[in-house]
């Protein structure tokens, strides 16, 4: 697979932080950014996405863990499109359109191990794992069959760390070009060392973009996650952008300047435990009193060390990361539909996919632990669960609660355009890319862009 971590000369837009944009700026004459709301519910717009966007973008299909050994395979579907991603007998990662070249029946459903061929269950046409035609029962009855003409239709495949991406457009730009400078920007977190532990899919009553947008900005923290403000410096998120990716670098362990009076050490400690109990080995509800702070240190240092110590007990060495890096989260929003949340010890990925109509989607959650690049990979647990049974901790639970009702408001006749702040520019970045792919020109986005 391509080495994506080498720095590349690509366009980057740096909009700084909310604090840096506000300091010394004086009165503004900027017009707010607005976007047509019907993009989030119109069947006609969804049809444009199906025709022009989904077949041409790089999208997360599965994880390296799910296809780590020869014969491993995973079926991936998005809307009407379906692909099979597999590891052939020589260990090469491959992907093909998931269709029998005889009568158009899907070849695979689900995932599995130990395949030596791809055989259609309808008439038993068969292909090798490299996509070449292997067998046609009663072949003479068809006349002259050109093997090359009946090979499986290839799909582009490449990886970013443990994430396997595909693109149905074999003439598309490379994944390295598509991701721009994001892999090099995140290289210090050594994504290859992460192993996927589970993949959970949830059906959500919202458009795929509505769900993706909810994980594409931190402006909502003060409303949806107010407890986070005690431990999250939301005014100092640094955002940069490439054509298909927006990155926000977020520091935890420091109270937001929005809070007055400044929270006590005990309040910060309790908020830290409620959000990062798993990382720091704390009881989320009763973490106990704030620990004593050694001379020359701060509570921030103590919290970072608690993460370092808790991970060391699991065999994860974070000694290469300083306290700020341990308390930092890099969030990459990759067009069209994934959010990559990266810490030195933890990787979570959220992916949205269109459902049966524009008012529903699938939300897929991939969770990874740092295990080391040389540690043997095991197949992640994979399941579908009802939305009402989701329990992923305080913050994610609040996000899922919001998604239960987020879509209905978009249909109201008095609401015709969504309005975005600069802090919500990762949504804007995705909308600009969406217009390019579906062919909207001139842009329907109004206002003064960052």
(1) over 24 Å from residue 375 (Cα atoms); (2) under 26 Å from the mean Cα position of the chain (by Cα); (3) at pLDDT below 95; (4) assigned to a helix (DSSP H, G or I) all hold for residue 284 apart from (4)
Per the list (1) surrounded by 13 or more Cβ atoms within 10 Å (Cβ to Cβ); (2) at pLDDT 95 or above; (3) out of contact with any helix residue (DSSP H, G or I) (no Cβ under 9 Å at 6 or more places or on another chain), residue check on residue 181 breaks on (2)
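Please find, among 293, 259, the residue that is touching a helix residue (DSSP H, G or I) at 6+ places or on another chain (Cβ under 9 Å), in a loop (DSSP other than H, G, I, E, B), more than 28 Å from residue 428 (Cβ to Cβ) and not assigned by TED's automatic domain parsing to the domain that holds residue 227. Walk me through how you get there before you give the answer.
Values: 259 fails: more than 28 Å from residue 428 (Cβ to Cβ).
Step by step, each of 293, 259 is checked, and only 293 is touching a helix residue (DSSP H, G or I) at 6+ places or on another chain (Cβ under 9 Å), in a loop (DSSP other than H, G, I, E, B), more than 28 Å from residue 428 (Cβ to Cβ) and not assigned by TED's automatic domain parsing to the domain that holds residue 227.
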Residues that are at pLDDT below 95, over 17 Å from residue 168 (Cα atoms) and touching a helix residue (DSSP H, G or I) at 6+ places or on another chain (Cβ under 7 Å), at least 2 per element: which strands (runs of 3 or more DSSP E) completely within the stretch 61-140 meet that?
none
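Yes/no per residue for (1) farther than 22 Å from residue 331 by Cβ; (2) in contact (Cβ under 8 Å) with a residue 24 or more places away in the chain:
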{"residue": "388", "(1), (2)": "yes, no"}
{"residue": "394", "(1), (2)": "no, yes"}
{"residue": "417", "(1), (2)": "yes, yes"}
{"residue": "444", "(1), (2)": "yes, yes"}
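Considering each residue of the stretch 203-233, count those that are closer than 30 Å to residue 261 by Cα and either in contact with a helix residue (DSSP H, G or I) (Cβ under 6 Å, 6 or more places away or on another chain) or assigned to a loop (DSSP other than H, G, I, E, B) (or both), and give that number.
So the answer is 15.
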Sole exception among (1) at pLDDT below 95; (2) within 26 Å of the chain's Cα centre (by Cα); (3) not in a loop (DSSP other than H, G, I, E, B) for residue 316, by number:
(3)
Just one of the numbered conditions (1) surrounded by fewer than 18 Cβ atoms within 10 Å (Cβ to Cβ); (2) modelled with pLDDT of 95 or more; (3) more than 30 Å from residue 244 (Cα to Cα) is not true of residue 147; which one?
(2)
Test: residue in the stretch 22-30 that is at pLDDT below 95 and not in a loop (DSSP other than H, G, I, E, B)
yes
Could you run through the stretch 332-349 and say how many residues are under 8 Å from the mean Cα position of the chain (by Cα) and touching a residue at least 24 places away in the same chain (Cβ under 8 Å)?
8
Could you list, in sequence order, all residues of the stretch 350-367 that are under 14 Å from the mean Cα position of the chain (by Cα) and crowded, with 24+ Cβ neighbours inside 10 Å?
351, 352, 363, 366
If residue 40 meets every condition in (1) touching a helix residue (DSSP H, G or I) at 6+ places or on another chain (Cβ under 7 Å); (2) outside the structural domain of residue 434 (by TED's automatic domain parsing) apart from one, which number is that one?
(2)
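The values are calculated or read from the model by the stated rules, or taken from the named source; none is laboratory data. Since we're looking at a predicted model, the values are computed, not measured. Counting neighbours? That spans all protein chains shown, and the Cβs are built from the backbone with ideal geometry, glycine included.
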